[in-house]
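Below is one structure, written out as structure tokens; comments come after it.
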Amino acid sequence: MMAPHSTLALRRFLCSGNGAASALDAAAVRKKNLVFLGSPQVSASVLHKLLAASEDPDSIFQVMLQAIVTQPPAARDRGRKLMPSAVAQLALERGFPRELIFTPERAAEVAFLSNLSALNPELCITAAYGNILPQKFLDIPSCVNIHPSLLPQYRGAAPVQRALQDGVTETGVSLAYTVRALDAGPVIAYEKVKVDECIKATELLAILFNSAGAELLLHELPSILNGSAKLKARPQDDSKATFAPKLTSEESWLSFDEEAKRIHNKVRAFAGWPGTRARVEVVNNVGYHNELEIKIITSGVCSNACNKASDGNEILFSGSALLIPCAGESWLEVLELQLPGKKVMTARDFWNGLRGQKLRKINWKGVTQ
């Protein structure tokens, strides 16, 4: 990080006023100091739209992006090379000064808070930043957050994933003031989004941030900057709050003693990371059993009455899908899967590779059901 006086010298003005604004008193059109906090690709999409809108000569708001706060570089891909976050990468590509891209391990670091305070920002915008903001941070500026749920539902680290896991048919995105309590601040505005029964978490996250969330932010930014948003913001009803805890790799195992719909919802909820894993058993024509781990990438639920000839454990193939018998006489369709160390393949290619061998289901503990 750089010294406060150097930081202030590198401020970048990212937009100019429209014709009407330029006729106003200079003090009235002074650009507002803004800091953006985000990390993954969905955050970068919000930053991209914010930059594009602020550079538009017809923009109805005037902001000066002082700094970007994001997660530190992390080891990615097989080479384990340290790579910047998607937000940092976008900022660098746009020519943003490296000295103004802050990457604290924790947002409570004294040096980071000192540098941020020296900038004297008037507004911070967070979008999937991935770090808990301490009270000392919240004391510096006003802060608003794009949260991908209809608050107070699904507060926490994995709102989209937990909503899909629950099989919701509607969700949304909320723009709320940030307070010390987790995702509990007053809601400025929200946008509802219908949920398709086959959409995956990665796809829904992109919609909620890039489309709905970014547009909601741009629409509400003038009222946030002039202070009127505080008057209309709606306090949350804490008694209706639900929570969305962070996903864990241990949760990725599937158990086929659940109904197919519930398993399908988990597959799409856990898409991306950590994914969903299952164990199956390959049986050759002389009765030799070989256990195999698969990662289920794309699934569905058999919509027809799948009265297939199975002993309750045998996995079948029909059309373009593996058919796995589940609880309640339901059948899970597996359309795409992945073997350890291999590329994603279609169910048909996997089935053809069995060369006539049988396939049987195994529960997540490795015991044949």
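The values are calculated or read from the model by the stated rules, or taken from the named source; none is laboratory data. Just so it is clear, the structure is predicted and the values come from calculations on it, not from any experiment. Here the Cβ positions follow ideal geometry from the backbone for every residue, glycine too, while neighbour counts run over all protein chains shown. Quick note on the areas: whole protein, heavy atoms, side chains included, nothing else; ligands and nucleic acids left out. Shrake-Rupley method; radii C 1.70, N 1.55, O 1.52, S 1.80 Å.
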### Message
Springs between alpha-carbon pairs under 10 angstrom, Gaussian network model over the chain: which of G227, G287, G172 fluctuates most?
### Response
G287
### Query
Shape of segment 69-228 from its Cα gyration tensor (a ≥ b ≥ c, root eigenvalues): rounded if a/c is under 1.5, otherwise prolate when a/b > b/c, or oblate?
oblate
## Note on the structure
Karplus-derived 3J(HN,Hα) from phi for segment 287-295 (6.51 cos²θ - 1.76 cosθ + 1.60, θ = phi - 60°), whole Hz, x at Gly and Pro, runs x, 6, 9, 10, 6, 9, 9, 10, 10
### Query
Under 5 Å between amide H atoms, partner at least 5 residues away or on a different chain: which partners does S318 have, H built in plane at 1.01 Å?
L323
### Task
Give the long-range amide H neighbours of N313: residues separated by 5 or more places, or on another chain, with amide H under 5 Å away, using H modelled in the peptide plane at 1.01 Å from N.
none
### Message
Can you return the aspartates and glutamates within cross-link range of K361? Criterion is Cα-Cα under 16 Å, with same-chain partners fewer than 8 residues away left out.
### Response
D257, E258, E259, E281, E291, E293, D311, E314, E329, E333
### Query
So which GluC sites (Glu not before Pro) in segment 95-168 pass both tests, a DSSP loop state and at most 13 other Cβ atoms within 10 Å of the Cβ?
E105
### Task
Only helical DSSP H runs with n ≥ 4 go in: add -39500 (n - 2.57) per run for the chain, normalise by residue count and round the 222 nm mean residue ellipticity to 500 deg cm²/dmol.
-7000 deg cm²/dmol
#### Entry: segment 276-348 - accessible surface per residue (Å², probe 1.4 Å)
52
### Task
Find the relative contact order for the chain and round it to a whole percent, using C-alpha pairs within less than 8 Å whose residues are 6+ positions apart.
13
#### Entry: 18 Å Cα-Cα threshold exceeded, pairs from K32/K192; K200/K261; K261/K343; K246/K343; K194/K240; K200/K266
K32/K192; K261/K343; K246/K343; K194/K240
### Query
Comparing E281, E93, E197, which has the greatest mean-square fluctuation in the GNM of the chain with Cα pairs linked when under 10 Å apart?
E93
### Message
At 1.4 Å probe size, with the rest of the protein present, what percent of the exposed accessible area of segment 249-362 is carbon and sulfur atoms?
### Response
45
### Summary
Once R30 and H48 are pulled to full extension, the length gained, defined as 0.36 nm per residue separation minus their Cα-Cα distance, is 4.2 nm
### Fully extended contour minus Cα-Cα distance, from E215 to D349, at 0.36 nm per residue
44.1 nm
#### Entry: Sparse-neighbour loop sites [trypsin sites (Lys or Arg not before Pro); segment 60-120; at most 15 other C-beta within 10 Å; DSSP]
R78, R80, R94, R106
### Summary
Heavy-atom accessible area of segment 32-244 with neighbours in place, 1.4 angstrom probe: carbon+sulfur share in percent works out to 53
### Query
Out of S320, S43, S174, any idea which swings most in a Gaussian network model of the chain, alpha carbons joined below 10 Å?
S320
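Determine, from the Cβ-Cβ distance of D166 and E105 and an R0 of 35 Å, the FRET efficiency 1/(1 + (r/R0)^6), rounded to the nearest 0.05.
That gives a FRET efficiency of 0.60.
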## Note on the structure
Listed by chain and number, the residues whose amide H is under 5 Å from that of L182, excluding neighbours fewer than 5 places away on the same chain and using placed H, are none
### Query
Residue by residue through segment 132-143, which ³J(HN,Hα) values in whole Hz follow from phi under the Karplus form 6.51 cos²θ - 1.76 cosθ + 1.60 (θ = phi - 60°), with glycine and proline marked x?
6, 8, x, 4, 4, 6, 5, 6, 6, x, 7, 9
### Cα coordinate range in the chain, projected on the principal axes (Å, largest first)
86, 43, 37
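Report the gain in length on full extension from K81 to L339: 0.36 nm times residue separation, minus Cα-Cα distance, nm rounded to one decimal.
90.4 nm
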